[in-house]
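The numbers here are math on the coordinates, done by the rules we state, and not lab data. What you are looking at is a predicted structure, and each value in this text was computed from that prediction instead of being measured. Backbone-built Cβ (ideal geometry, glycine too); neighbour counts: all protein chains shown.
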């Protein structure tokens, strides 16, 4: 997520996002910068997703809540939970609501350089869902992630890149063929201060790419997904509204 490091108090980030697939990460990515010790970050988001074909329509209303804490300047703990309201219309209407799997992420500072002209940081991370969600929403499988985040911020610009590899159904709990995923995410933004106030606007453009990987799967059955997501952020002090 694109967060200005000069803020030393709790940061609340509210995002309103419309996207066509759950794999799209929103407008901003996890940056390669770890917050300072004892710094809290809260992030919530509303997502609306819809799929339609000749046999059915499905709508998802999703509200994730993320909390991150700087255990030290070198180590960040993040926990995310997600409320889902799913409506499926076929011959009749089926509505399912509940909490999806929890998600825990540990990020470690590998390198960081702060200068007057730029900030550069690299942070690897390990993460996994915890399959405790509503069985009608969650697949109840363990899907751990290994990732690397890089941030380069020549003021007032920001460039954030994250790559991750997801091991789908790591314990082989289901009979269905789950393919591991390679995820790449890059976001560009620039901060435009409005006069001498603590208000700023920040246009953002994000590119996300997800690729299914499985050496034993038919090459034609693998899915690649590319998302192009323009947007902007409204920044006032430590509150960010992102669309």
Length-normalised contact order for the stretch 92-243 - Cα pairs under 8 Å, 6+ apart - percent: 14
Whole Å is fine, so just give me how far the alpha carbon centre of the stretch 58-135 lies from that of the stretch 143-179. 11
Can you tell me which of 85-92, 161-168 comes out highest on packing, and rank the rest after it, using the mean Cβ neighbours within 10 Å? 161-168, 85-92
Kirkwood hydrodynamic radius of the stretch 125-243 from all distinct Cα pairs, in Å? 17.1
The stretch 11-242: C-alpha pair distances exceeding 27 Å, %: 38
Projected onto their principal axes, the Cα atoms of the stretch 81-135 stretch, largest extent first, over whole-Å spans of 61, 24, 14
